[in-house]
1. Under a crude label model (7 Å from the Cα following the beta-carbon direction), how far is residue 77 from residue 110 in nanometres?
2. Would you mind computing, in nm to one decimal, how far apart the modelled labels at residue 89 and residue 123 are, each placed 7 Å from Cα along Cα→Cβ?
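Read the figures in this text as sums done on the coordinates, not as results from a lab. Because the structure is a prediction, the values reported are computed rather than measured. Ideal geometry is used to build each Cβ from the backbone, glycine not excepted, and the neighbour counts take in all protein chains shown.
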């Protein structure tokens, strides 16, 4: 019971509290627009010319790349667990479970990446 309470508090502190803190700040008050204009110029969407290119290239593709790396590390971790299981059936079952879930996640990330490429290409043309 204590672990559930601790996890709930952790999720609340990490995800809910920052929303209230960030909701109080306006972009006009922070000077971020001026800083962005100084660094990137006044028109930072020059490459593709639209918001679809910007979101797809600078937000979604890096996010999917990070997810792909995490899933690859999970597959390697499952393989390492399986190799070091020493014939213990519980450890082998745990490694198989991690491996199956990692492969399913990897397939989902690949499908999401292909859908993103399709949608971004449709938005930019």
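1. Using points 7 Å along Cα→Cβ, the separation is 2.1 nm.
2. 5.1 nm
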